[in-house]
Amino acid sequence: SGKNSIEWMYSRLKKSNYISKIIFAIPDSEDNRNLKEFLNLNNYEYFEGSEDNVLSRYIDCASCKQAQVIMRMTADCPFIDVGIVDDLIEQFFYNNSNYLSNNNPPCLPDGCDAEIFYKSELDRIIENPLPEDIEHVTYSIKKKYFSDTKYNNPLEKDYSNLRLTLDTYDDYEF
């Protein structure tokens, strides 16, 4: 339909009843010049940060934008369902959670997962991050809250074997 994956994701997330700001946290590198131009052209808000340390990019972005709660989704998941996102946000605040994801254990197709957490959780782990935190951002948070953050949309069937993501060229062709 003439839209790229960023446009699809943005248009879907704009329909949320709860998301107040959509910010693309992108690496500050020459390789992302075209992405930055695209974001500027479409008036999409973005933050440029470390290419090698995704954790610090998230923290710096949240600090710059004064965000206390972060909903994390990756741009290789343009088919995220806003109903799933809003349900996760509702459950996060209803249960007074510090961290919540909809893939513990996985039941939705790969590409429909999201996480929500407080920035203070990132501030805590940046003091002594594990190598996995630098790339995967919430690795230590998941370990800390694993037993009490299980939440998935109740489905009659497990769809976690399906892929609705753009990790590979095969995904794109599909």
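In this label model, Leu13 and Glu135 are separated by 2.3 nm, measuring between points 7 Å along each Cα→Cβ vector. Considering only Pro106, Pro78, Pro131, the mean-square fluctuation computed in a Gaussian network model of the chain, springs between alpha carbons under 10 angstrom, is largest for Pro131.
Once both labels are positioned 7 Å from their Cα atoms along Cα-to-Cβ, the gap between Lys21 and Asp158 label points is 3.9 nm.
Between Ile84, Gly111, Tyr159, the Cα set farthest toward the positive side of the dipole of the chain (charges on each charged residue's Cβ, about the Cα centre) is that of Ile84.
Within the chain, the longest segment free of exposed loop sites, counting trypsin sites (Lys or Arg not before Pro) that fall outside DSSP classes H, G, I, E and B and have at most 16 other Cβ atoms within 10 Å, spans 66-156.
Counting only protein heavy atoms, what percent of the accessible surface of the chain is carbon or sulfur at a 1.4 Å probe? Show your work: numbers first, answer last.
Numbers: 4860 of 10320 Å².
So the carbon and sulfur contribution to the accessible surface is 47 percent.
So if I place +1 on the C-beta of Lys and Arg and -1 on the C-beta of Asp and Glu, and nothing else carries charge, what would the dipole magnitude of the chain be about its Cα centre? I want it in debye, nearest 20.
Numbers: 18 positive and 31 negative charges, 132 e Å.
I would put it at about 640 debye.
Taking only the Cα atoms of region 41-123, the radius of gyration and Dmax are 13.6, 39 Å. With a Förster radius of 22 Å, plug the Cβ-Cβ distance of Ser1 and Asp31 into 1/(1 + (r/R0)^6) and report the FRET value to the nearest 0.05. About 0.25, to the nearest 0.05.
Based on the Cα coordinates of the chain, what is the per residue volume of their convex hull in Å³? Let's see the in-between values first.
Details: hull volume 23.5 nm³, N = 174.
Hull volume over Cα atoms, normalised by residue count, gives 135 Å³.
The values are calculated or read from the model by the stated rules, or taken from the named source; none is laboratory data. Since we're looking at a predicted model, the values are computed, not measured. Cβ coordinates were reconstructed from backbone atoms using ideal geometry, including for glycine residues, and neighbour counts include every protein chain displayed. Note: accessible area is taken over every heavy atom of the protein model, side chains too, but ligands, DNA and RNA are not part of it. Shrake-Rupley method; radii C 1.70, N 1.55, O 1.52, S 1.80 Å.
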